[in-house]
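Asks: Encoded as structure tokens, here's the structure I'll be asking about.
Any read-out appearing in this document is the output of simple, stated calculations on the displayed coordinates, not a laboratory observation. Predicted, not measured: the structure shown is a model, and the values here were computed from it. Cβ: placed from backbone, ideal geometry, glycine included. Neighbour counts: every protein chain shown.
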Amino acid sequence: MCAYVKLIDEKIMDHSMHKKALFKNSSKYRAFALLMSLAILLSGCAIRRSHVQGLSRSSAGYCVKGVWYYPQNFYDYDDTGLASWYGPGFHDHAKAQGEKYDQYAMTAAHKTLPLPTIVKVTNVENGKSIVVLVDDRGPYKNKRILDLSASAAKELGTYNRGVAKVRVQSLCKESNALSIYLKHYNKGKFNRTWEDIYRQEIGCRPGYRQLTVVSKKVHRSNLEEINKSKNAQAVASLIGRKKNR
């Protein structure tokens, strides 16, 4: 009788252990399934990008000084690096998207962002931010990631330094809205620039970021005087060097 009872106890214990093992395995399975589902969800979020839906200029790969660059077909971008500015030597010259460069506009150049792209640029040193239109290609030296117009550099506080560390973040909603508008835009007799179109048609919409407005201290006439002064200093320095030879 004792042996029979002992046998029953062993069977009950084996059954209990089996149930515990099943529960433990099922818990591991559920945890594994949950982790896999989360991984799939996160990977789906990682590849979900804001692709260009409208006009995009200078979108083909191009080569500068033996280096190939391939413009992206989506707006998502967030990077920190060096930014410079370009001014008098490029003023009124053709940009990559076809318009003439205006150093007094709120624009910038980037090697691979879609043209146009609206970006927020933050001066890492002083925390000041501006919103500009990327509508040109460059810069191509010293690992710089952005070339600002003279006015944009002045507003950001990087004009005098020439090169400064910045954070560049694309504004996807604003960028796509402008590209879609430009795709269906008929210039007719009104030849507006992309900057004018954005300010008048997109930036004024509720919930959309407007391009930074040029302040009085960075007005065109003030920058012209600064450029003249710099040119005069350069000429005086050159004459001085020639006299001392």
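Asks: Which order, highest average first, do 74-84, 127-137 follow once you tally other Cβ atoms within 10 Å for each residue and take the mean per peptide?
Replies: On the way: 74-84: 17.0, 127-137: 21.4.
In decreasing order of mean packing, 74-84, 127-137 become 127-137, 74-84.
Asks: While we're looking at this one, here's another question. Sort 89-96, 103-110 by the packing proxy (mean of other Cβ within 10 Å over each peptide's residues), most packed first. It would help to have the intermediate numbers written out before the result.
Replies: Numbers: 89-96: 13.6, 103-110: 23.9.
Going by the mean number of other Cβ atoms within 10 Å, highest first, we get 103-110, 89-96.
Asks: Further, regarding this structure: Going 7 Å from the Cα of residue 60 along its beta-carbon direction, which residues of the range 96-131 have the amide nitrogen within less than 18 Å of the resulting point?
Replies: Residues 96-99, 112-116 fall inside that zone.
Asks: So which of 128/154; 111/154; 95/120; 100/173; 141/173; 111/183 end up more than 19 Å apart, counting from Cα to Cα? Mind showing how you got there, number by number?
Replies: On the way: 128/154 11 Å; 111/154 22 Å; 95/120 21 Å; 100/173 26 Å; 141/173 30 Å; 111/183 22 Å.
Table pairs above 19 Å Cα-Cα are 111/154; 95/120; 100/173; 141/173; 111/183.
Asks: Would you order 208, 101 from fewest to most other beta-carbon atoms within 10 Å of each residue's own beta-carbon? Display every interim value, and only then the final one.
Replies: Numbers: 208 15, 101 20.
Listed from fewest to most nearby Cβ atoms, that is 208, 101.
Asks: Using mean Cβ contacts within 10 Å as the protection proxy, how do 165-178, 53-66 order, highest first? Before the final figure, lay out each step's value.
Replies: Values: 165-178: 20.9, 53-66: 13.1.
Result, highest mean first: 165-178, 53-66.
Asks: So, one more: Cα extents of the range 48-151 along the three principal axes, largest first, in whole Å?
Replies: Principal extents (Cα only, largest first): 32, 32, 27 Å.
Asks: Also, I was wondering about something else. Please compute the length gained on full extension between residue 165 and residue 140, using 0.36 nm multiplied by the number of residues separating them and subtracting their Cα-Cα distance.
Replies: On the way: separation 25, 0.36 × 25 = 9.00 nm, distance 1.60 nm.
Length difference between fully extended and current span is 7.4 nm.
Asks: Same structure, new question: Would you mind computing Rg(Cα) / (2.2 N^0.38 Å) for the range 73-223, counting N as its residues? If you can, show how the numbers build up before the last one.
Replies: On the way: Rg = 14.4 Å, N = 151, 2.2 N^0.38 = 14.8 Å.
After normalising by residue count via 2.2 N^0.38 Å, the value is 0.97.
Asks: Okay, next question. For the residue pair residue 78 and residue 53, what label-to-label distance in nm results when each label sits 7 Å from Cα along the Cα-to-beta-carbon direction?
Replies: With each label point 7 Å from Cα toward Cβ, the separation is 2.2 nm.
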